[in-house]
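Down below is the structure, laid out as C-alpha coordinates.
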Amino acid sequence: MGTSLTEVGSRLAGIMFIWGTIQQLFPQIIRRRIETFWNRLENYFYPYVEITIDEFSSGINNEIYNHVNNYLSTKSISNDAKHLKAEKFKNIKSCAVILDEGESTIDEFQGAKLCWRFHKETLRDDSQGHNSLPIEKKSYSLTFNQEYREIVTEKYLKYVMEEGKAIEFKNKKQRIYCNDNNGDNYYTRWYGMWKHINFEHPATFDTLAMDPKKKEEIKNDLVAFSEGRNFYSSVGKAWKRGYLLYGPPGTGKSTMIAAIANFLNYDIYDLELTSVKNNLGLKKLLMETTSKSIIVVEDIDCSVDLTGKRKKKKKEENSDDDDSDSDSDSDSDSDSDSEKKKSSKLTLSGLLNCIDGIWSASCGQERIIIFTTNYKEKLDPALIRRGRMDMHIEMSYCRFEAFKVLAKNYLRIETHDLFEEIQRLLEEVNMSPCDVAEYLIHKNTSGGPEICLNNLIQALKEAKEEAKEKANQDQKETKEEVKENQDSREAKENKKLPAKLVTTSYGRLKKLFKKSVPYLSS
(Lines give C-alpha, C1' and ligand atoms only; values in the text may rest on other atoms or scores of the structure.)
Protein backbone atom coordinates (compact mmCIF):
# COMPACT_ATOMS: atom_id res chain seq x y z
CA MET A 1 0.00 0.00 0.00
CA GLY A 2 2.83 2.38 0.86
CA THR A 3 4.61 1.51 -2.42
CA SER A 4 1.49 2.30 -4.50
CA LEU A 5 1.00 5.67 -2.79
CA THR A 6 4.65 6.49 -3.43
CA GLU A 7 4.21 5.68 -7.12
CA VAL A 8 1.10 7.86 -7.41
CA GLY A 9 2.88 10.74 -5.69
CA SER A 10 5.91 10.45 -7.97
CA ARG A 11 3.71 10.42 -11.06
CA LEU A 12 1.80 13.52 -9.95
CA ALA A 13 5.08 15.24 -9.24
CA GLY A 14 6.27 14.30 -12.70
CA ILE A 15 3.11 15.70 -14.30
CA MET A 16 3.48 18.95 -12.39
CA PHE A 17 7.15 19.19 -13.44
CA ILE A 18 6.20 18.64 -17.08
CA TRP A 19 3.40 21.27 -16.87
CA GLY A 20 5.78 23.76 -15.30
CA THR A 21 8.31 23.11 -18.07
CA ILE A 22 5.61 23.61 -20.72
CA GLN A 23 4.65 26.96 -19.17
CA GLN A 24 8.27 28.12 -19.30
CA LEU A 25 9.26 26.82 -22.74
CA PHE A 26 6.10 27.08 -24.85
CA PRO A 27 4.58 30.40 -25.93
CA GLN A 28 1.28 31.66 -24.48
CA ILE A 29 -0.69 30.79 -27.65
CA ILE A 30 0.37 27.14 -27.48
CA ARG A 31 -0.46 27.01 -23.76
CA ARG A 32 -3.98 28.32 -24.45
CA ARG A 33 -4.51 25.68 -27.12
CA ILE A 34 -3.35 22.96 -24.75
CA GLU A 35 -5.73 24.28 -22.05
CA THR A 36 -8.62 24.36 -24.55
CA PHE A 37 -7.89 20.79 -25.61
CA TRP A 38 -7.69 19.69 -21.99
CA ASN A 39 -11.07 21.31 -21.18
CA ARG A 40 -12.72 19.60 -24.14
CA LEU A 41 -11.22 16.27 -23.07
CA GLU A 42 -12.47 16.84 -19.53
CA ASN A 43 -15.96 17.76 -20.73
CA TYR A 44 -16.10 14.63 -22.85
CA PHE A 45 -15.42 12.33 -19.92
CA TYR A 46 -17.28 14.55 -17.37
CA PRO A 47 -20.74 15.18 -18.89
CA TYR A 48 -21.98 17.55 -16.16
CA VAL A 49 -22.66 21.27 -16.19
CA GLU A 50 -22.37 23.50 -13.13
CA ILE A 51 -24.09 26.87 -12.67
CA THR A 52 -22.93 29.11 -9.81
CA ILE A 53 -25.29 31.64 -8.21
CA ASP A 54 -23.51 34.12 -5.92
CA GLU A 55 -25.21 36.11 -3.17
CA PHE A 56 -23.77 39.35 -4.55
CA SER A 57 -23.06 40.29 -8.14
CA SER A 58 -20.84 43.34 -8.76
CA GLY A 59 -21.49 44.49 -5.20
CA ILE A 60 -25.29 44.35 -5.61
CA ASN A 61 -27.57 41.83 -3.95
CA ASN A 62 -28.41 39.04 -6.41
CA GLU A 63 -32.19 38.50 -6.48
CA ILE A 64 -31.78 35.01 -7.98
CA TYR A 65 -29.84 33.92 -4.89
CA ASN A 66 -32.67 35.06 -2.61
CA HIS A 67 -35.27 33.25 -4.73
CA VAL A 68 -33.18 30.05 -4.68
CA ASN A 69 -32.82 30.40 -0.92
CA ASN A 70 -36.59 30.64 -0.50
CA TYR A 71 -37.22 27.77 -2.91
CA LEU A 72 -34.79 25.36 -1.22
CA SER A 73 -36.19 26.21 2.20
CA THR A 74 -39.40 24.39 1.24
CA LYS A 75 -37.72 21.34 -0.35
CA SER A 76 -37.21 18.20 1.65
CA ILE A 77 -33.53 17.94 2.55
CA SER A 78 -31.79 14.61 2.15
CA ASN A 79 -31.29 12.56 5.28
CA ASP A 80 -27.60 12.34 4.41
CA ALA A 81 -27.20 16.06 5.05
CA LYS A 82 -25.92 16.43 8.59
CA HIS A 83 -25.09 20.13 8.66
CA LEU A 84 -28.09 22.44 8.41
CA LYS A 85 -28.79 25.99 9.52
CA ALA A 86 -31.90 28.01 10.40
CA GLU A 87 -32.33 31.58 9.17
CA LYS A 88 -34.96 34.23 9.79
CA PHE A 89 -35.02 37.65 8.18
CA LYS A 90 -36.81 40.78 9.37
CA ASN A 91 -39.39 40.75 6.60
CA ILE A 92 -40.10 36.99 6.83
CA LYS A 93 -42.67 35.58 9.27
CA SER A 94 -41.25 32.05 9.73
CA CYS A 95 -37.71 30.69 9.95
CA ALA A 96 -36.23 28.50 7.19
CA VAL A 97 -34.00 25.43 7.58
CA ILE A 98 -31.49 25.37 4.72
CA LEU A 99 -28.21 23.70 3.81
CA ASP A 100 -24.98 24.58 5.51
CA GLU A 101 -21.56 24.77 3.91
CA GLY A 102 -20.69 21.80 1.72
CA GLU A 103 -24.09 20.08 2.03
CA SER A 104 -26.23 19.23 -0.99
CA THR A 105 -29.79 18.23 -1.87
CA ILE A 106 -31.35 16.60 -4.93
CA ASP A 107 -34.25 18.05 -6.91
CA GLU A 108 -36.16 16.70 -9.93
CA PHE A 109 -37.79 18.61 -12.77
CA GLN A 110 -39.30 17.11 -15.94
CA GLY A 111 -37.20 13.94 -15.63
CA ALA A 112 -33.95 15.78 -14.92
CA LYS A 113 -32.07 15.21 -11.67
CA LEU A 114 -30.41 18.30 -10.29
CA CYS A 115 -28.02 18.72 -7.38
CA TRP A 116 -27.96 21.91 -5.30
CA ARG A 117 -24.89 22.54 -3.14
CA PHE A 118 -24.25 25.42 -0.74
CA HIS A 119 -20.78 27.05 -0.56
CA LYS A 120 -19.41 29.59 1.89
CA GLU A 121 -15.98 31.22 1.83
CA THR A 122 -14.53 33.68 4.32
CA LEU A 123 -12.45 36.49 2.80
CA ARG A 124 -10.64 39.55 4.13
CA ASP A 125 -10.24 42.96 2.56
CA ASP A 126 -6.47 43.52 2.54
CA SER A 127 -6.92 47.20 1.64
CA GLN A 128 -8.26 47.88 5.15
CA GLY A 129 -5.14 46.54 6.89
CA HIS A 130 -5.25 44.52 10.10
CA ASN A 131 -8.54 46.10 11.19
CA SER A 132 -10.48 44.63 8.27
CA LEU A 133 -13.54 42.55 9.11
CA PRO A 134 -14.04 39.11 7.53
CA ILE A 135 -16.43 38.93 4.60
CA GLU A 136 -18.52 35.85 3.89
CA LYS A 137 -18.97 34.96 0.24
CA LYS A 138 -22.03 32.71 -0.13
CA SER A 139 -23.18 30.91 -3.25
CA TYR A 140 -25.20 27.99 -4.57
CA SER A 141 -24.01 25.65 -7.30
CA LEU A 142 -26.43 23.73 -9.49
CA THR A 143 -25.03 20.58 -11.14
CA PHE A 144 -26.83 18.56 -13.84
CA ASN A 145 -26.19 16.43 -16.89
CA GLN A 146 -25.47 18.47 -19.99
CA GLU A 147 -28.29 16.77 -21.90
CA TYR A 148 -30.72 18.74 -19.71
CA ARG A 149 -29.03 22.09 -20.37
CA GLU A 150 -31.96 23.52 -22.36
CA ILE A 151 -34.55 22.40 -19.80
CA VAL A 152 -32.58 23.90 -16.91
CA THR A 153 -31.65 27.24 -18.49
CA GLU A 154 -34.99 27.94 -20.16
CA LYS A 155 -37.54 26.36 -17.80
CA TYR A 156 -36.17 25.19 -14.47
CA LEU A 157 -34.43 28.39 -13.37
CA LYS A 158 -37.51 30.40 -14.32
CA TYR A 159 -39.66 27.99 -12.30
CA VAL A 160 -37.37 28.30 -9.28
CA MET A 161 -37.50 32.11 -9.40
CA GLU A 162 -41.30 32.20 -9.63
CA GLU A 163 -41.67 29.73 -6.77
CA GLY A 164 -39.16 31.68 -4.69
CA LYS A 165 -41.07 34.93 -5.28
CA ALA A 166 -44.36 33.28 -4.30
CA ILE A 167 -42.82 31.82 -1.12
CA GLU A 168 -41.30 35.17 -0.17
CA PHE A 169 -44.59 36.97 -0.74
CA LYS A 170 -46.47 34.38 1.31
CA ASN A 171 -44.09 34.48 4.27
CA LYS A 172 -43.16 38.15 4.29
CA LYS A 173 -44.31 40.62 6.90
CA GLN A 174 -46.41 43.47 5.62
CA ARG A 175 -44.90 46.93 5.79
CA ILE A 176 -46.24 50.45 5.73
CA TYR A 177 -43.99 53.11 4.19
CA CYS A 178 -43.92 56.89 4.40
CA ASN A 179 -41.93 59.22 2.16
CA ASP A 180 -39.03 61.12 3.72
CA ASN A 181 -39.59 64.87 3.76
CA ASN A 182 -35.93 65.82 4.18
CA GLY A 183 -35.20 65.66 0.46
CA ASP A 184 -31.73 64.70 -0.78
CA ASN A 185 -29.72 63.80 2.30
CA TYR A 186 -27.45 61.00 3.55
CA TYR A 187 -30.35 58.73 4.51
CA THR A 188 -32.17 58.97 1.19
CA ARG A 189 -28.98 58.44 -0.80
CA TRP A 190 -28.12 55.21 0.99
CA TYR A 191 -31.43 53.83 2.21
CA GLY A 192 -33.95 55.23 -0.27
CA MET A 193 -36.72 57.79 -0.09
CA TRP A 194 -39.11 55.67 1.99
CA LYS A 195 -39.06 54.76 5.68
CA HIS A 196 -41.04 51.77 6.90
CA ILE A 197 -42.33 49.87 9.90
CA ASN A 198 -44.18 46.57 10.14
CA PHE A 199 -47.88 46.80 9.31
CA GLU A 200 -49.94 45.00 11.94
CA HIS A 201 -53.42 46.51 11.57
CA PRO A 202 -56.12 43.96 12.58
CA ALA A 203 -58.86 45.24 10.21
CA THR A 204 -60.47 42.72 7.86
CA PHE A 205 -63.54 42.70 5.65
CA ASP A 206 -65.28 40.55 8.25
CA THR A 207 -64.92 43.27 10.90
CA LEU A 208 -65.57 46.19 8.53
CA ALA A 209 -68.88 47.94 9.24
CA MET A 210 -70.45 48.05 5.79
CA ASP A 211 -73.27 46.59 3.77
CA PRO A 212 -72.36 42.91 3.10
CA LYS A 213 -73.34 43.16 -0.58
CA LYS A 214 -71.01 46.11 -1.12
CA LYS A 215 -68.19 44.31 0.71
CA GLU A 216 -68.63 41.23 -1.46
CA GLU A 217 -68.54 43.38 -4.59
CA ILE A 218 -65.26 44.98 -3.51
CA LYS A 219 -63.70 41.61 -2.60
CA ASN A 220 -64.63 40.12 -5.98
CA ASP A 221 -63.09 43.12 -7.73
CA LEU A 222 -59.86 42.72 -5.74
CA VAL A 223 -59.62 39.02 -6.52
CA ALA A 224 -60.19 39.65 -10.22
CA PHE A 225 -57.44 42.29 -10.17
CA SER A 226 -54.88 40.12 -8.37
CA GLU A 227 -55.47 37.26 -10.83
CA GLY A 228 -55.66 39.46 -13.94
CA ARG A 229 -52.04 39.54 -15.05
CA ASN A 230 -52.70 37.85 -18.40
CA PHE A 231 -55.82 39.94 -19.00
CA TYR A 232 -54.08 43.28 -18.44
CA SER A 233 -51.21 42.16 -20.65
CA SER A 234 -53.55 41.05 -23.46
CA VAL A 235 -55.42 44.38 -23.56
CA GLY A 236 -52.21 46.43 -23.35
CA LYS A 237 -53.02 48.11 -20.06
CA ALA A 238 -50.85 48.71 -17.01
CA TRP A 239 -51.58 46.19 -14.24
CA LYS A 240 -52.99 48.67 -11.74
CA ARG A 241 -56.33 49.61 -10.25
CA GLY A 242 -57.61 52.84 -8.76
CA TYR A 243 -60.09 53.23 -5.91
CA LEU A 244 -61.69 56.47 -4.71
CA LEU A 245 -63.01 56.30 -1.14
CA TYR A 246 -65.27 59.23 -0.33
CA GLY A 247 -67.72 60.05 2.42
CA PRO A 248 -68.12 61.96 5.70
CA PRO A 249 -65.47 61.72 8.44
CA GLY A 250 -65.56 58.62 10.61
CA THR A 251 -67.13 56.33 8.00
CA GLY A 252 -64.18 53.90 7.83
CA LYS A 253 -62.07 54.99 4.85
CA SER A 254 -58.74 54.27 6.58
CA THR A 255 -60.10 50.99 7.93
CA MET A 256 -61.10 50.01 4.40
CA ILE A 257 -57.50 50.57 3.23
CA ALA A 258 -56.19 48.33 6.01
CA ALA A 259 -58.75 45.64 5.16
CA ILE A 260 -57.73 45.70 1.49
CA ALA A 261 -54.03 45.41 2.42
CA ASN A 262 -54.68 42.45 4.73
CA PHE A 263 -56.95 40.79 2.16
CA LEU A 264 -54.27 40.90 -0.57
CA ASN A 265 -51.21 40.82 1.74
CA TYR A 266 -49.88 43.97 0.03
CA ASP A 267 -47.53 46.60 1.47
CA ILE A 268 -48.81 50.17 1.90
CA TYR A 269 -47.05 53.30 0.67
CA ASP A 270 -48.58 56.29 2.46
CA LEU A 271 -47.75 59.14 0.08
CA GLU A 272 -47.68 62.57 1.71
CA LEU A 273 -48.00 65.01 -1.21
CA THR A 274 -47.11 68.05 0.90
CA SER A 275 -43.59 66.60 1.28
CA VAL A 276 -43.11 66.24 -2.49
CA LYS A 277 -41.27 69.23 -3.92
CA ASN A 278 -42.09 68.82 -7.60
CA ASN A 279 -43.14 66.41 -10.33
CA LEU A 280 -39.63 64.95 -10.58
CA GLY A 281 -39.64 64.19 -6.87
CA LEU A 282 -42.92 62.31 -7.26
CA LYS A 283 -41.47 60.21 -10.07
CA LYS A 284 -38.43 59.32 -7.95
CA LEU A 285 -40.70 58.19 -5.14
CA LEU A 286 -42.80 55.97 -7.39
CA MET A 287 -39.66 54.44 -8.91
CA GLU A 288 -38.76 53.06 -5.47
CA THR A 289 -42.16 51.43 -4.83
CA THR A 290 -42.48 47.70 -5.30
CA SER A 291 -45.04 45.54 -7.03
CA LYS A 292 -47.89 44.04 -5.00
CA SER A 293 -48.36 47.28 -3.09
CA ILE A 294 -50.97 49.94 -2.34
CA ILE A 295 -50.18 53.62 -2.87
CA VAL A 296 -52.42 55.74 -0.65
CA VAL A 297 -53.08 59.49 -0.73
CA GLU A 298 -55.43 60.34 2.14
CA ASP A 299 -57.53 63.53 2.09
CA ILE A 300 -56.24 64.43 -1.34
CA ASP A 301 -58.43 67.53 -1.48
CA CYS A 302 -56.54 68.93 1.53
CA SER A 303 -53.00 67.90 0.51
CA VAL A 304 -51.95 70.34 -2.21
CA ASP A 305 -53.69 72.59 -4.72
CA LEU A 306 -54.84 70.12 -7.38
CA THR A 307 -57.95 71.95 -8.56
CA GLY A 308 -56.75 71.80 -12.16
CA LYS A 309 -57.56 75.42 -13.06
CA ARG A 310 -57.04 75.89 -16.75
CA LYS A 311 -55.14 78.84 -18.21
CA LYS A 312 -58.02 79.53 -20.57
CA LYS A 313 -60.31 80.20 -17.62
CA LYS A 314 -57.83 82.66 -16.19
CA LYS A 315 -57.61 84.56 -19.46
CA GLU A 316 -61.40 84.82 -19.63
CA GLU A 317 -61.50 86.29 -16.14
CA ASN A 318 -58.81 88.79 -17.05
CA SER A 319 -60.69 89.86 -20.20
CA ASP A 320 -63.69 90.95 -18.10
CA ASP A 321 -61.62 93.57 -16.23
CA ASP A 322 -61.53 97.19 -17.56
CA ASP A 323 -57.81 97.73 -17.10
CA SER A 324 -55.32 99.87 -18.98
CA ASP A 325 -52.54 98.61 -21.26
CA SER A 326 -50.05 98.82 -18.43
CA ASP A 327 -52.24 96.57 -16.31
CA SER A 328 -52.37 93.92 -19.02
CA ASP A 329 -48.59 93.98 -19.24
CA SER A 330 -48.33 93.32 -15.52
CA ASP A 331 -50.72 90.40 -15.88
CA SER A 332 -48.55 88.87 -18.56
CA ASP A 333 -45.55 89.29 -16.30
CA SER A 334 -47.35 87.46 -13.52
CA ASP A 335 -48.25 84.68 -15.96
CA SER A 336 -44.59 84.25 -16.91
CA ASP A 337 -43.65 84.16 -13.23
CA SER A 338 -46.23 81.47 -12.59
CA GLU A 339 -44.84 79.44 -15.50
CA LYS A 340 -41.37 79.65 -13.94
CA LYS A 341 -42.72 78.50 -10.58
CA LYS A 342 -44.63 75.65 -12.21
CA SER A 343 -41.49 73.55 -12.63
CA SER A 344 -40.66 73.92 -8.92
CA LYS A 345 -43.89 72.48 -7.49
CA LEU A 346 -46.15 69.49 -7.79
CA THR A 347 -48.90 69.97 -10.38
CA LEU A 348 -52.06 68.16 -11.32
CA SER A 349 -50.53 67.26 -14.67
CA GLY A 350 -47.53 65.66 -12.96
CA LEU A 351 -49.76 63.62 -10.64
CA LEU A 352 -51.94 62.42 -13.52
CA ASN A 353 -48.89 61.35 -15.53
CA CYS A 354 -47.58 59.30 -12.60
CA ILE A 355 -50.83 57.49 -11.84
CA ASP A 356 -52.15 56.99 -15.36
CA GLY A 357 -49.46 58.03 -17.87
CA ILE A 358 -46.34 56.35 -19.20
CA TRP A 359 -44.81 56.34 -15.72
CA SER A 360 -47.69 54.32 -14.30
CA ALA A 361 -46.58 51.28 -16.31
CA SER A 362 -42.86 51.89 -15.77
CA CYS A 363 -42.79 51.96 -11.97
CA GLY A 364 -43.94 48.44 -11.15
CA GLN A 365 -46.87 46.11 -11.73
CA GLU A 366 -49.80 44.82 -9.67
CA ARG A 367 -50.33 48.03 -7.74
CA ILE A 368 -53.44 49.65 -6.30
CA ILE A 369 -53.81 53.43 -6.02
CA ILE A 370 -56.28 54.72 -3.42
CA PHE A 371 -57.44 58.31 -2.93
CA THR A 372 -59.61 59.32 0.02
CA THR A 373 -61.63 62.50 0.45
CA ASN A 374 -64.49 63.87 2.49
CA TYR A 375 -65.70 66.04 -0.38
CA LYS A 376 -65.72 64.33 -3.75
CA GLU A 377 -67.10 67.42 -5.50
CA LYS A 378 -63.94 69.39 -4.69
CA LEU A 379 -61.72 67.13 -6.81
CA ASP A 380 -60.90 67.85 -10.42
CA PRO A 381 -62.95 65.59 -12.76
CA ALA A 382 -59.78 64.60 -14.64
CA LEU A 383 -58.31 63.19 -11.42
CA ILE A 384 -61.17 60.83 -10.58
CA ARG A 385 -62.44 59.80 -14.00
CA ARG A 386 -62.88 56.12 -14.83
CA GLY A 387 -59.57 54.62 -15.86
CA ARG A 388 -57.73 56.52 -13.13
CA MET A 389 -60.07 55.87 -10.25
CA ASP A 390 -61.76 52.75 -11.64
CA MET A 391 -64.06 52.18 -8.69
CA HIS A 392 -65.75 54.89 -6.62
CA ILE A 393 -66.67 53.56 -3.19
CA GLU A 394 -68.98 55.65 -1.03
CA MET A 395 -68.34 55.23 2.69
CA SER A 396 -71.72 56.32 4.03
CA TYR A 397 -73.32 56.68 7.46
CA CYS A 398 -74.03 53.67 9.62
CA ARG A 399 -77.13 51.74 8.65
CA PHE A 400 -78.61 48.62 10.19
CA GLU A 401 -76.48 46.09 8.27
CA ALA A 402 -73.30 47.89 9.31
CA PHE A 403 -74.59 48.16 12.88
CA LYS A 404 -75.04 44.37 13.07
CA VAL A 405 -71.36 43.93 12.21
CA LEU A 406 -70.39 46.36 14.98
CA ALA A 407 -72.68 44.64 17.47
CA LYS A 408 -71.08 41.30 16.61
CA ASN A 409 -67.56 42.77 16.94
CA TYR A 410 -68.04 44.63 20.21
CA LEU A 411 -70.92 42.91 22.01
CA ARG A 412 -70.64 39.41 20.51
CA ILE A 413 -74.37 39.33 19.74
CA GLU A 414 -76.18 38.88 16.44
CA THR A 415 -79.75 39.65 17.54
CA HIS A 416 -81.54 41.48 20.38
CA ASP A 417 -84.96 42.84 21.21
CA LEU A 418 -83.68 46.42 20.91
CA PHE A 419 -82.42 45.92 17.35
CA GLU A 420 -85.80 46.81 15.86
CA GLU A 421 -85.88 50.26 17.46
CA ILE A 422 -82.22 50.86 16.56
CA GLN A 423 -82.94 49.94 12.94
CA ARG A 424 -85.79 52.49 12.79
CA LEU A 425 -83.64 55.24 14.28
CA LEU A 426 -80.62 54.52 12.06
CA GLU A 427 -82.79 55.03 8.98
CA GLU A 428 -83.79 58.48 10.27
CA VAL A 429 -80.49 59.68 11.76
CA ASN A 430 -77.11 60.10 10.10
CA MET A 431 -74.48 58.75 12.51
CA SER A 432 -71.05 57.52 11.43
CA PRO A 433 -69.90 53.96 12.25
CA CYS A 434 -67.11 55.50 14.34
CA ASP A 435 -69.65 57.26 16.59
CA VAL A 436 -71.83 54.16 16.86
CA ALA A 437 -68.83 52.08 17.88
CA GLU A 438 -68.05 54.50 20.71
CA TYR A 439 -71.36 53.61 22.39
CA LEU A 440 -70.70 49.88 21.99
CA ILE A 441 -67.07 49.70 23.02
CA HIS A 442 -67.60 50.61 26.70
CA LYS A 443 -69.50 47.48 27.65
CA ASN A 444 -70.75 47.18 31.20
CA THR A 445 -70.10 43.55 32.05
CA SER A 446 -72.49 43.56 35.01
CA GLY A 447 -75.45 44.89 33.03
CA GLY A 448 -74.83 43.08 29.75
CA PRO A 449 -75.19 44.54 26.26
CA GLU A 450 -78.54 46.20 27.13
CA ILE A 451 -76.74 49.18 28.68
CA CYS A 452 -74.71 49.84 25.52
CA LEU A 453 -77.74 49.44 23.27
CA ASN A 454 -79.87 51.74 25.44
CA ASN A 455 -77.10 54.35 25.44
CA LEU A 456 -76.99 54.13 21.65
CA ILE A 457 -80.76 54.52 21.40
CA GLN A 458 -80.66 57.59 23.65
CA ALA A 459 -77.86 59.10 21.56
CA LEU A 460 -79.79 58.45 18.34
CA LYS A 461 -82.89 60.13 19.76
CA GLU A 462 -80.87 63.17 20.82
CA ALA A 463 -79.25 63.33 17.40
CA LYS A 464 -82.70 63.16 15.82
CA GLU A 465 -83.92 66.13 17.90
CA GLU A 466 -80.77 68.10 17.07
CA ALA A 467 -81.30 67.38 13.39
CA LYS A 468 -84.87 68.69 13.60
CA GLU A 469 -83.80 71.87 15.36
CA LYS A 470 -81.05 72.41 12.85
CA ALA A 471 -83.48 71.87 9.98
CA ASN A 472 -85.92 74.43 11.44
CA GLN A 473 -83.08 76.89 11.99
CA ASP A 474 -81.83 76.38 8.45
CA GLN A 475 -85.35 76.89 7.12
CA LYS A 476 -85.71 80.11 9.10
CA GLU A 477 -82.34 81.38 7.92
CA THR A 478 -83.28 80.51 4.36
CA LYS A 479 -86.51 82.55 4.57
CA GLU A 480 -84.62 85.52 6.02
CA GLU A 481 -82.01 85.23 3.30
CA VAL A 482 -84.70 85.12 0.60
CA LYS A 483 -86.36 88.22 2.08
CA GLU A 484 -83.04 90.08 2.25
CA ASN A 485 -82.30 89.18 -1.34
CA GLN A 486 -85.75 90.38 -2.40
CA ASP A 487 -85.31 93.71 -0.58
CA SER A 488 -81.89 94.08 -2.11
CA ARG A 489 -83.26 93.50 -5.60
CA GLU A 490 -86.06 96.07 -5.03
CA ALA A 491 -83.54 98.63 -3.83
CA LYS A 492 -81.42 98.06 -6.89
CA GLU A 493 -84.44 98.43 -9.15
CA ASN A 494 -85.38 101.76 -7.50
CA LYS A 495 -81.90 103.06 -8.07
CA LYS A 496 -82.22 102.24 -11.74
CA LEU A 497 -85.46 104.37 -12.26
CA PRO A 498 -85.15 106.77 -15.26
CA ALA A 499 -84.24 110.40 -14.44
CA LYS A 500 -87.12 111.65 -16.62
CA LEU A 501 -89.66 109.81 -14.46
CA VAL A 502 -88.23 111.39 -11.32
CA THR A 503 -88.32 114.91 -12.89
CA THR A 504 -91.92 114.49 -14.06
CA SER A 505 -93.12 113.41 -10.63
CA TYR A 506 -91.39 116.40 -9.03
CA GLY A 507 -93.09 118.81 -11.46
CA ARG A 508 -96.54 117.47 -10.71
CA LEU A 509 -96.00 117.76 -7.00
CA LYS A 510 -94.92 121.39 -7.42
CA LYS A 511 -98.11 122.35 -9.33
CA LEU A 512 -100.33 120.71 -6.75
CA PHE A 513 -98.51 122.53 -3.99
CA LYS A 514 -99.07 125.95 -5.71
CA LYS A 515 -102.79 125.31 -6.14
CA SER A 516 -103.33 124.27 -2.55
CA VAL A 517 -101.22 127.11 -1.05
CA PRO A 518 -101.54 130.16 -3.41
CA TYR A 519 -99.94 132.69 -1.07
CA LEU A 520 -96.73 130.65 -1.10
CA SER A 521 -96.56 130.30 -4.85
CA SER A 522 -93.92 133.02 -5.06
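A cut-off under 14 angstrom between Cβ atoms defines the neighbours of Ser291, and their net charge, with Lys, Arg +1 and Asp, Glu -1, is +2. All other residues whose Cβ lies under 12 angstrom from that of Asn179 are scored, Lys and Arg at +1 and Asp and Glu at -1, for a net of -1. Sorted on the mean count of surrounding Cβ atoms within 10 Å across their residues, most packed first, peptides 421-427, 206-212 read 206-212, 421-427. For segment 419-433, putting each phi into the Karplus relation 6.51 cos²θ - 1.76 cosθ + 1.60 with θ = phi - 60° gives couplings of 4, 5, 5, 5, 4, 5, 5, 5, 6, 9, 10, 8, 10, 6, x Hz, in residue order, rounded to whole numbers and with x for Gly and Pro. Among the GluC sites (Glu not before Pro) found in segment 214-297, those both in a DSSP coil and sparsely packed, with 12 or fewer other Cβ atoms within 10 Å of their Cβ, are Glu227. Put simply, when 173-179, 410-416 are sorted by average Cβ atoms within 10 angstrom per residue, most first, you get 173-179, 410-416. In order along segment 369-376, the Karplus-derived 3J(HN,Hα) couplings, from 6.51 cos²θ - 1.76 cosθ + 1.60 at θ = phi - 60°, round to 10, 10, 10, 10, 7, 8, 9, 4 Hz, and Gly and Pro are given as x. Each residue of segment 466-471 was assigned a 3J(HN,Hα) from its phi angle through the Karplus expression (A = 6.51, B = -1.76, C = 1.60, θ = phi - 60°), giving 5, 5, 5, 4, 5, 5 Hz with x at Gly and Pro.
Near the amide H of Trp239, within less than 5 Å, lie the amide hydrogens of Glu366, all on another chain or at least 5 residues away, with H placed in the peptide plane.
Which entries in the list Lys158/Lys292; Lys170/Lys195; Lys408/Lys464; Lys137/Lys284 go over 28 Å, if you measure between the two C-alpha atoms of each? Beyond 28 Å: Lys137/Lys284.
So how do 145-154, 453-462, 480-489, 239-248 stack up, highest first, on mean other-Cβ count within 10 Å?
Going from most to least packed, we get 239-248, 453-462, 145-154, 480-489.
Solvent-accessible surface of protein heavy atoms, probed at 1.4 angstrom with all chains present, puts Lys253, Lys170 in the order Lys170, Lys253, largest first. As a fraction of the 1.4 Å probe accessible area of segment 400-481, surface on carbon and sulfur atoms comes out at 44 percent. Across Tyr65, Tyr375, the residue with the most accessible area heads the list, and the full order at a 1.4 Å probe is Tyr375, Tyr65.
The accessible area of Lys284, taken with all protein chains in place and a 1.4 Å probe, comes to roughly 100 Å². Between the amide H of Lys172 and those of Lys93, distances stay under 5 Å, these residues lying 5 or more places away or on another chain, with hydrogens modeled in the peptide plane. Computed with every protein chain present, the accessible area of Ile384 is close to 20 Å² [probe 1.4 Å]. The residues of segment 400-481 expose, per residue, 64 Å² of accessible area to a 1.4 Å probe.
The values are calculated or read from the model by the stated rules, or taken from the named source; none is laboratory data. Computed from a prediction, not measured in an experiment: that's the story for all the values here. Note that we place each Cβ from the backbone using ideal geometry, even for glycine, and neighbour counts take in every protein chain shown. For accessibility, only protein heavy atoms count, side chains too; no ligands or nucleic acids. Shrake-Rupley method; radii C 1.70, N 1.55, O 1.52, S 1.80 Å.
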